[in-house]
Amino acid sequence: MTQHPALSSAVQDGEGVDLLIVGGGINGVGIARDAAGRGLSVLLVERDDLAAHTSSASTKLIHGGLRYLEYYEFRLVRESLQERERLIHIAPHISWPLRFVLPQPKGGRPGWMIRIGLWLYDHIGGKQSLPGSHGVNLRDPRWGEGLKPGLTRGFVYSDAWVDDARMVVLNAIDASERGARIVTGTAMTGARVEGDEWVVSLAPNPSRPGLAAPLQVRAKAVVNAAGPWAGNLLDGVDGVTREGGITLVKGSHIVVPQLYSGDHAFILQQDDGRIVFTIPYEHRYTLVGTTDVLVGADQRDRPQISPEETSYLCAAANAYFTREIGPDDVVRSYSGVRPLYDDGTADAKAITRDYVLQLGRRSTPQVLSVLGGKLTTYRRLAEHAMDELGPWLPRHGGGWTDRAALPGGDLPAGGFAAFLASCRQRWPFLPADVAERLAHAYGTRIERIMGAASDWAGLGHDFGAGLTEAEVRYLVDHEWARTAEDILWRRTKLGLGAGPELAQELTDWLAANG
């Protein structure tokens, strides 16, 4: 298979770049996009796949963090709300507004406290395009259908949904098209200072196609965006001062058959002071999460939900909905380890979700470590990272990412609904659900998949579940997809409805056509 030139993994031994970024999660690719757009030479390496870990294991929300107000995280909430507004405009195909219903159970937070919090939430971020909050009667089926009869009062407010893994990939595509090189299957194994540059050792990951052989590159600055592995990465970097660290917190989610109708989410108060979200997911399911469990380094690579977490999330939903669920109803679960900044808090739910950018040296060359953070604030984090590294990098342009749409997000007038209608008119042979999925996932770049196809057969081999050879080839050539898991769970969510036969067929095809 011919690889798209922008995705070439060719890295020359001894070559130099302005900025080397380690980590292909949302913060790493966000910094790569920002830096490349300012005219800097950028190389990003990722040991596994893009969004392989924490960045694809979120609750899929762009939100201000209503509960953070209880911990007086006003700066974080303000910035998050401002970023929510920006992201739904630069990525309208993979994100959209979502209404949240907050029932008021007996023994929950008092109504006056919720009203004050929601008023502040509506206003602290400045001018917003999403509807404001208000009280609701949960006897109204528009808001209360599916809830237990005793829940009669509540509130409604706005946040937004996002496809987290695609947010990562789209940032990587844009970075690549602006000159950055994105190389997966490649790990940083060490770094030493030589003059005013880093000499960084890179090695291939034997379990994933990437770098052909170990080599070294030179960089004026290094960004450590390795997430849960950020502390370990610094152990291999000479002369770095470490101040503070990270706390690893596992968050788990379950996916169950649809608990209620309607396209709104619920935010459920729990007796332990936590909150749990229930969110419409892939049309036929409800996403329930998340937990907060302090974990050790041994759970970073393949975190899994525990039976206790599953029981907790089921009980959280059962306290509110008439349709009760148990472990046997879970069709999928996923867990991610959040690398939160260690602020000394012992309670996992109270640890700050704000980010800290930590410079590691007092002189040239510099290394910047990204600690903490959340999906919503990645773009602003990247701008702050560029500000911090400015003295150690060549002269470059200023911030620009708040205005430029992510790939596929340049929708025509009329927004997503009008765009989807035009797609269905242009390719009437696409099943309605497939047309909607492709339009959401790729936006205006759907044309690169459809090509000259005038019927379903023109898209090549049909793998089932709406996945065709044309889409797979695009994902391999343009989105760094290398395995069936990359395609079925990160580039798409087709794994939910696909059986093991499809995954095996896709694995065989990739082996024969890679």
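The values are calculated or read from the model by the stated rules, or taken from the named source; none is laboratory data. All figures in this text were calculated on a predicted structure; none of them were measured in a lab. In this analysis, Cβ positions are derived from the backbone assuming ideal geometry, glycine residues included, and neighbour counts consider all displayed protein chains. The accessibility values were calculated without ligands, DNA or RNA, using every heavy atom of the protein model including side chains. Shrake-Rupley method; radii C 1.70, N 1.55, O 1.52, S 1.80 Å.
Per residue of the chain, what 222 nm ellipticity follows from adding -39500 (n - 2.57) for every DSSP H run with n ≥ 4, rounded to the nearest 500?
Using -39500 (n - 2.57) per qualifying helix, the result is -8500 deg cm²/dmol.
Given +1 at the Cβ of Lys and Arg, -1 at the Cβ of Asp and Glu and no other charges, the dipole of the chain around its Cα centre is 1240 debye to the nearest 20.
Summary of packing: across the peptides 107-119, 53-65, 164-176, the per-residue average of other C-beta atoms within 10 Å ranks them, highest first, as 164-176, 53-65, 107-119. When the solvent-accessible area of the chain is split by element, carbon and sulfur atoms take up 51 percent of it, the probe being 1.4 Å. Accessible surface computed residue by residue for segment 331-428, with neighbouring protein chains in place and a 1.4 Å probe, gives 42 Å² per residue. Most tightly packed first, judged by the mean number of other beta-carbon atoms within 10 Å of their residues, the peptides 191-200, 152-161, 421-430 read 152-161, 191-200, 421-430. Relative to the current alpha-carbon distance between Glu177 and Ser363, full extension at 0.36 nm per residue lengthens the span by 63.8 nm. In order along segment 437-447, the Karplus-derived 3J(HN,Hα) couplings, from 6.51 cos²θ - 1.76 cosθ + 1.60 at θ = phi - 60°, round to 4, 5, 5, 5, 5, 10, x, 5, 7, 4, 4 Hz, and Gly and Pro are given as x. Close amide H partners of Thr352, meaning residues 5 or more places away or on another chain with modelled amide H under 5 Å apart, are Asp343. Average projection, convex hull of the Cα set of segment 205-291: 10.8 square nanometres. Percent antiparallel among DSSP beta bridges with both residues in the chain, to the nearest 5? Given both bridge residues lie in the chain, the antiparallel proportion sits at roughly 75 percent.
Considering only Leu411, Leu381, Leu371, and ranking their Cα positions along the charge dipole of segment 370-428 that arises from unit charges at the beta-carbon of Lys, Arg, Asp and Glu, the one farthest toward the positive end is Leu411. Residues Lys106, Lys493, sorted by accessible area with the largest first, give Lys106, Lys493 [1.4 Å probe; ligands and nucleic acids excluded]. Straight-distance candidates among the lysines for linking to Lys148, with alpha-carbon spacing under 20 Å and chain neighbours fewer than 8 residues away dropped: Lys106. Ignoring lysines fewer than eight residues from Lys493 along the same chain, the ones with Cα atoms less than 19 angstrom from its Cα are Lys60.
Using only side-chain charges placed at the Cβ, +1 for Lys and Arg and -1 for Asp and Glu, the dipole size of segment 55-112 relative to its Cα centre rounds to 200 debye. Entry comment: accessible area of segment 51-149 is 47 Å² per residue, from protein heavy atoms only and a probe of 1.4 Å.
The string of couplings for segment 11-23 from the Karplus curve (6.51, -1.76, 1.60, θ = phi - 60°) is 10, 8, 4, x, 5, x, 9, 6, 9, 10, 10, 10, x Hz, one whole number per residue in order, with x for Gly and Pro.
Please report the net charge: other residues with Cβ closer than 15 Å to the Cβ of Arg192, K and R +1, D and E -1.
Neighbourhood net charge equals -2.
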